[in-house]
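Novice: I have a structure I would like to understand better, so I am pasting it below and will then ask my questions one at a time.
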Amino acid sequence: MSILQILKYPDKRLHNFAKPVLNVDYEIQQLADDMAETMYEASGIGLAATQVNEPVRVVVIDVSDSRDELLVLINPEVYFEKGVISSEEGCLSVPNVYDQVERAEDIKVRALDRAGQIIDFEATGILSICIQHEIDHLDGKVFVEYLSRLKQDRIVKKLKKRQEINDG
Ligand code: NI
């Protein structure tokens with residue numbers, strides 16, 4: 001397994017629309033494993049393949065405190081949603097930025113798991129929020145795009161400044 005590089009906002013590649021996975025083969029499983037390792041190493045609760053510059057519909061999620069409940073979702077689709085929940089979101093591609101975003105509170109999801117088997121389940125609370133956030137990534141959307149134009153401009157400025165400092 002290996003740690004992958006996470007693209008940072010406002011990298012244009014974060015806007016790529018990810019293609020469906022046709023075959024859950026060894027290559028896809030290896031990508032999912034590398035993404036999981038990358039997510040755990042970065043202490044994140046979710047990571048979409050788009051964020052590691054692989055525009056395919058694969059996400060990894062672990063919202064557990066114990067960090068041992070890995071969920072691999074391939075071609076995930078929300079087919080039912082109910083209610084509204086607002087929470088403070090963050091993203092490994094937008095370091096040190098957190099803001100309120102509204103999402104559906106309860107959802108029903110269909111996806112393939114790491115073995116290529118169909119899974120169908122309900123999600124609520126943080127898991128529901130995380131799944132919607134990651135599916136957005138697959139559609140080329142970053143959570144800050146729900147914020148006002150003014151806030152987005154500030155975030156871009158802040159991140160660019162920090163990248164310049166990091167680049168020396
Ligand atoms: Ni994210």
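Novice: Mind listing just one residue for me: the one in the range 26-64 that is polar (S, T, N, Q), touching a residue at least 40 places away in the same chain (Cβ under 8 Å) and within 12 Å of Gln5 (Cβ to Cβ) and, of those, nearest to the ligand (Cβ to nearest atom)?
Specialist: Per the criteria, the residue is Gln51.
Novice: Regarding Ser86, is this residue within 12 Å of the ligand (Cβ to nearest atom), on the phi < 0 side of the Ramachandran plot and among the polar types (S, T, N, Q)? It would help to see each step written out before you state the result.
Specialist: Working: within 12 Å of the ligand (Cβ to nearest atom): no; on the phi < 0 side of the Ramachandran plot: yes; among the polar types (S, T, N, Q): yes.
Criteria not met by Ser86.
Novice: Kindly list the number of the only condition in (1) under 25 Å from Tyr9 (Cα atoms); (2) open to solvent by 80 Å² or more (accessible area, probe 1.4 Å); (3) away from the ligand (no atom under 16 Å from the Cβ); (4) touching a residue at least 24 places away in the same chain (Cβ under 8 Å) that fails for Gln163.
Specialist: Every condition holds for Gln163 apart from (2).
For (1) out of contact with any strand residue (DSSP E or B) (no Cβ under 8 Å at 6 or more places or on another chain); (2) among the β-branched types (Val, Ile, Thr); (3) modelled with pLDDT of 95 or more, each residue gets a yes or a no:
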| residue | (1), (2), (3) |
| --- | --- |
| Ala49 | no, no, yes |
| Val58 | no, yes, yes |
| Ser64 | yes, no, yes |
| Glu69 | yes, no, yes |
| Leu73 | no, no, yes |
| Lys82 | no, no, yes |
| Ser86 | no, no, yes |
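Novice: Return the residue satisfying two criteria in turn: it lies in the range 32-55 and is closer than 11 Å to Asn16 by Cβ and small (Gly, Ala, Ser), and of such residues it is surrounded by the most Cβ atoms within 10 Å (Cβ to Cβ).
Specialist: Ala48
Novice: With respect to Leu112, is the statement that it is surrounded by 21 or more Cβ atoms within 10 Å (Cβ to Cβ), touching a strand residue (DSSP E or B) at 6+ places or on another chain (Cβ under 8 Å) and more than 14 Å from Ile6 (Cα to Cα) true? Please lay out each step first, then the result.
Specialist: On the way: surrounded by 21 or more Cβ atoms within 10 Å (Cβ to Cβ): no; touching a strand residue (DSSP E or B) at 6+ places or on another chain (Cβ under 8 Å): yes; more than 14 Å from Ile6 (Cα to Cα): yes.
It is false that Leu112 is surrounded by 21 or more Cβ atoms within 10 Å (Cβ to Cβ), touching a strand residue (DSSP E or B) at 6+ places or on another chain (Cβ under 8 Å) and more than 14 Å from Ile6 (Cα to Cα).
Every residue, every condition in (1) assigned to a helix (DSSP H, G or I); (2) open to solvent by 30 Å² or more (accessible area, probe 1.4 Å); (3) away from the ligand (no atom under 14 Å from the Cβ), yes or no:
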{"residue": "Glu122", "(1), (2), (3)": "no, yes, yes"}
{"residue": "Leu127", "(1), (2), (3)": "yes, yes, yes"}
{"residue": "Cys130", "(1), (2), (3)": "yes, no, no"}
{"residue": "Ile135", "(1), (2), (3)": "yes, no, no"}
{"residue": "Lys141", "(1), (2), (3)": "no, yes, no"}
{"residue": "Val144", "(1), (2), (3)": "yes, no, no"}
{"residue": "Lys157", "(1), (2), (3)": "yes, yes, yes"}
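Novice: Report yes if Asp99 is under 15 Å from Gly46 (Cα atoms), within 15 Å of the ligand (Cβ to nearest atom), open to solvent by 20 Å² or more (accessible area, probe 1.4 Å) and among the acidic types (Asp, Glu), otherwise no.
Specialist: no
Novice: Now a separate question. Here is a check on your reading of the model: is Glu88 within 21 Å of Ala42 (Cα to Cα), open to solvent by 70 Å² or more (accessible area, probe 1.4 Å) and not hydrophobic (A, V, I, L, M, F, W, C)?
Specialist: So Glu88 fits the description; yes.
The values are calculated or read from the model by the stated rules, or taken from the named source; none is laboratory data. For clarity, every value in this text was computed on a predicted model and none was experimentally measured. Methodologically, a virtual Cβ is constructed for each residue, glycine included, from the backbone with ideal geometry; neighbour enumeration extends over all protein chains shown. Ligands, DNA and RNA are stripped out before the accessible areas are found, and what is left, the full protein with its side chains, is counted by its heavy atoms. Shrake-Rupley method; radii C 1.70, N 1.55, O 1.52, S 1.80 Å.
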